[in-house]
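Here is the structure we will look at, set down as structure tokens.
The values are calculated or read from the model by the stated rules, or taken from the named source; none is laboratory data. On a predicted model such as this, the values are computed, not experimentally measured, just so you know. No Cβ is skipped: glycine too gets one built from the backbone with ideal geometry, and neighbour counts run over all protein chains shown. Ligands, DNA and RNA are stripped out before the accessible areas are found, and what is left, the full protein with its side chains, is counted by its heavy atoms. Shrake-Rupley method; radii C 1.70, N 1.55, O 1.52, S 1.80 Å.
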Amino acid sequence: MSVRTERKAAWRVVFLNDAVTRMSYAVMVLRKLFGFDEATATKHMLEAHEQGRSVVWVGMRENAEAHVFSLQQWHLSATLEPDEES
Amino acid sequence: MKRVEVRLSITAVAPLLDLIKSVADELRVHLAVPLVLSDADTELAAVWREDLLASQRDDCDRLFSLFDQEFFMEGVVAFDRDNAEPVLRACAALRLRFRETHLAKIPDDTLEALEASSSLGDLDEIVQKAFACFLFLDELQKIILKYLDPMAVEEDE
């Protein structure tokens, strides 16, 4: 008998930069939605500001969808993409 | 968050409310932030769009409920734990919409410089008013963020 284990593919939540939103607002939302500390939220905000995007979460598709929806609800642009490293 | 009352200038704010309301009306049918989902997710996008629009409408309604009789008599608006987050979101959505519409022709660096100086520069009259709304919504956000986290806004300055 062979047992095959299959890992579910992981998905990334990518936070995208915009030129309008106040930085402290973005940091507050990232802290609130992902439970980041101030330094981690600020790091993601600056990464998105400088590079246009920051991967803020990796995990199961359903949870990733919920995170992207929440970010959109706070008017922060975000998208989902497969995590190629998983 | 305890209840916070903020006194605003009625003469400065009241003339902006019509334009803010007209932009809020656009947000009843347009998302402030377009969905960025793959073509494979069109069904998901359709469901989300309706839910996000409903949330956006609720938030804008909460913002406008600040400008009640008390505001027009005393110039006072009040924030508490129930309305702070919806009003913050409404301000964010409205600022994004102003940027996309009335302020679309202003380059990012010019807008940033005008914001930093809080000056109206040599903008056309209608654009000046839109920019004044844009600044006012930012001020409201700052006030709420300051009460949610007093350290947060200082880092923006």
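In this structure, the amide hydrogen of residue A:57, modeled 1.01 Å from its nitrogen in the peptide plane, lies closer than 5 angstrom to those of A:13, counting only residues at least 5 positions away or on a different chain. Spread over its residues, the convex hull of the C-alpha atoms of the stretch B:1-75 is 115 Å³ per residue.
For the stretch B:44-50, putting each phi into the Karplus relation 6.51 cos²θ - 1.76 cosθ + 1.60 with θ = phi - 60° gives couplings of 4, 4, 5, 5, 4, 4, 5 Hz, in residue order, rounded to whole numbers and with x for Gly and Pro.
Within the same chain, lysines fewer than 8 places from residue B:146 are excluded, and of the rest, those with a Cα less than 22 Å from its Cα are A:32, A:43, B:2. Ignoring the sites themselves, chain A has its longest run without trypsin sites (Lys or Arg not before Pro) in a DSSP loop having at most 10 other Cβ atoms within 10 Å at A:9-86. Give, ordered by residue number, each residue of the stretch B:30-61 whose 1.4 Å probe accessible area is reduced by a minimum of 10 Å² on adding the remaining protein chains to the chain alone. Buried by the other chains: B:33, B:35, B:36, B:37, B:41, B:44, B:48, B:51, B:52, B:55, B:56. On association of chains B and A, roughly 2500 Å² of accessible area becomes buried (total for both chains; probe 1.4 Å). For chain B, the solvent-accessible area works out to 53 Å² per residue, with a probe of 1.4 Å and every protein chain left in place.
Sorting A:70, A:54 on solvent-accessible area from highest to lowest, probe radius 1.4 Å, gives A:70, A:54.
Inter-label distance, residue A:47 to residue B:30: 3.2 nm, where each label sits 7 Å from its Cα along the C-beta direction. For the protein assembly as shown, give the percent of accessible area contributed by carbon and sulfur heavy atoms, probe 1.4 Å, rounded to a whole number. Of all accessible area on the protein assembly as shown, carbon and sulfur atoms account for 50 percent.
Surface analysis of the stretch A:1-83 yields an accessible area of 52 Å² per residue, using protein heavy atoms and a 1.4 Å probe. Per q in 0.09, 0.10, 0.14 Å⁻¹, report the Debye log10 I(q)/I(0) for the protein assembly as shown, using one uniform scatterer on each alpha carbon and no solvent. Relative scattering, expressed as log10 I(q)/I(0), comes to -0.41, -0.51, -0.96. For residue A:78, the residues whose modelled amide H falls within less than 5 Å of its own, excluding neighbours fewer than 5 places apart on the same chain, are A:16, B:36. Each listed q (0.11, 0.13, 0.14, 0.16 Å⁻¹) maps to a log10 I(q)/I(0) for chain B from the Debye sum over equal C-alpha point scatterers, namely -0.48, -0.67, -0.77, -0.99. With loop membership from DSSP and a limit of 13 other Cβ atoms within 10 Å, the longest segment of chain A without GluC sites (Glu not before Pro) is A:7-83. Here the stretch A:3-82 yields Rg over Rh of 1.04, to two decimals, using C-alpha coordinates and the Kirkwood radius.
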